[in-house]
Amino acid sequence: GAPKAVILAASRGTELGDLTENRPKCMVDVRGKPLLRRLVDTLHSGEVRDITVVRGYRKDMVNLPSIRLIDNDDFDRSGEAATLSCALDVLRDDCIIAYGDILFRQHIMDQLLAAEDDVVIVVDAMWKERDPDSRSRPRDLVSCSAPFRTSYIDDGPVLARHIGPELPETDIDGEWIGLARVRGPGTEAVVAGLEALSKDGGLAGASLCDLFNNLIADGQEVRVIYIT
């Protein structure tokens, strides 16, 4: 069956300024539809129907039909890892995890659905062409086991080595777009990672990058799908 989806939509998105004065970033209008509606439509067209949205800032605005809603009322004192942990009850088996403010094309969804690894992240190899000022905002930059190549010779899977905003320029292979898929042992590793952060008292301050880096440090392979 199709995976479930958990969408993280609790943060305000202060970098958008006045646009998020009275609505969360995921509900900002893009060509006549809220971002979140577009994201849900893309998931639906990939047959992903079981969708949970974790909301926080101006949560009353986040009210699309056909989605399960969970509240992170601590959103202004915690990051994305804590928002994900609000959905622990639905983190089972096969799950897509997505930030609530991203847009991506259907073919990217198809690639993610075709992947068979336990933990997969989607990485934009052309991030720099899109925004030459690479340090204009904090980014989920990724260092990988191999750079993106346009050749069709497949040398085997590319794995993430480290994700986060502080990578040296020479180590950057792309930017994580905020889209991942976990299944089976990968989902169990994510749940265990969230529980470990919670026990250590580090959950509130942790990003999803921190969570993935902890998994990598524990020996979990995090497979990279490059997109352009």
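Derivation of every value follows stated rules applied to the coordinates shown; laboratory data play no part. Since the model is a prediction, treat every value here as computed from it, not as a measurement.
In whole angstrom, note down how far apart the Cα centers of the range 31-72 and the range 80-107 are. Using only Cα atoms to place each centre, the spacing works out to 11 Å. Need one word for the range 128-220: rounded, prolate or oblate. Basis is the Cα gyration tensor (sqrt eigenvalues a ≥ b ≥ c); a/c below 1.5 gives rounded, then a/b vs b/c decides. The shape class here is oblate.
Among the listed pairs Lys25/Lys128; Lys59/Lys128; Lys128/Lys199; Lys4/Lys25, those whose Cα-Cα separation exceeds 29 Å are Lys59/Lys128; Lys128/Lys199.
Of the beta bridges in the chain, as assigned by DSSP with both residues counted there, near 50 percent are antiparallel. Would you mind classifying the range 1-92 by shape? Square roots of the alpha carbon gyration tensor eigenvalues, ordered a ≥ b ≥ c; an a/c under 1.5 is rounded, otherwise it is prolate if a/b is larger than b/c and oblate if not. Judged from the Cα gyration tensor, the range 1-92 comes out oblate (a/c at least 1.5, b/c at or above a/b). Using a cutoff of 8 angstrom between alpha carbon atoms and counting only pairs six or more residues apart, the relative contact order for the chain works out to 24 percent.
Dividing the summed -39500 (n - 2.57) terms of all DSSP H runs of n ≥ 4 by the residue count of the chain sets its mean residue ellipticity at 222 nm at -7000 deg cm²/dmol. If you look at the Cα atoms of the chain, you get an Rg and a Dmax of 16.7, 49 Å.
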